[in-house]
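Structure, as structure tokens:
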Amino acid sequence: RKEVEQDPGPFNVPEGATVAFNCTYSNSASQSFFWYRQDCRKEPKLLMSVYSSGNEDGRFTAQLNRASQYISLLIRDSKLSDSATYLCAVNIGLNGGSQGNLIFGKGTKLSVKP
Amino acid sequence: DVKVTQSSRYLVKRTGEKVFLECVQDMDHENMFWYRQDPGLGLRLIYFSYDVKMKEKGDIPEGYSVSREKKERFSLILESTSTNQTSMYLCASSLRVQETQYFGPGTRLLVL
């Protein structure tokens, strides 16, 4: 099983739709979880951290399911400008050193259509 | 705001040439990383550094070396480029290992 997995998509949705992405991780000891957004030919930018209790930022909601080892990102009322690739990132261990590094998923592509 | 800058946005090199990519961060971050990103392969870690003069190999270090002489600066060196090193190179930094990484704008390298 790969350490961090995402459905590559693409997810093609109409404006105003609600869309959700999942990201599964293999290491049950992982403690840090993030969602990044990457526009075409640009660098990844932090969208939001994912906390145990879940967190919301406007139209975006991130949740963590430790039992099933996945994180999710929900986008409500999709806008054309939400079209991008969404990467999840998970740390791979508790310890310092290389075991604490973030591992990035390959990303899920979202295309919001008029 | 964290700022990570990279020395070049686009580079075109011929096979066998030496390439030096520089990354600078202005937030006094301990950790710095070099990735390459290719379609379908995602971000792959080349090297990382937890402190000045310290470096560790990532998943794909072959053909690359790094240098960290100052805390804010992390350089990626391709001693003799090959066509399979054509890629997008991204530098990142973080305050602590498990925390958010902030990326530079990337360097698109084309090796002919």
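Things to note:
- Hits among lysines - C-alpha to C-alpha of A:LYS106 under 30 Å, sequence gap 8 or more where chains match: A:LYS2, A:LYS42, A:LYS45, A:LYS79, B:LYS3, B:LYS13, B:LYS18, B:LYS55, B:LYS57, B:LYS71
- Size of charge dipole - chain A - debye, nearest 20, with Cβ of Lys, Arg +1 and Asp, Glu -1, no other charges: 180 debye
- For region A:25-55 versus region B:40-64, the gap between their alpha-carbon centres in whole angstrom: 20 Å
- Translational diffusion coefficient (Stokes-Einstein; Kirkwood radius from C-alpha pairs) of the protein assembly as shown at 25 °C, 0.890 mPa s, in µm²/s: 136 µm²/s
- Note on region B:57-97: the C-alpha convex hull projects to 3.7 nm² when averaged across all orientations.
- With all pairs of different C-alpha atoms in the average, the Kirkwood value for the hydrodynamic radius of chain A is 14.2 Å.
- If R0 is 22 Å, the Cβ-Cβ spacing of B:GLU79 and A:ARG41 corresponds to a FRET efficiency of close to 0.25.
- Unpartnered cysteines - no second Cys beta carbon under 4.7 Å - across chain A: A:CYS40
Throughout, read-outs are computed from the coordinates displayed, never taken from laboratory work. Owing to the predicted nature of the structure, the values given are computational and were not obtained by experimental measurement. We place every Cβ from the backbone using ideal geometry, glycine too, and count neighbours over all the protein chains shown.
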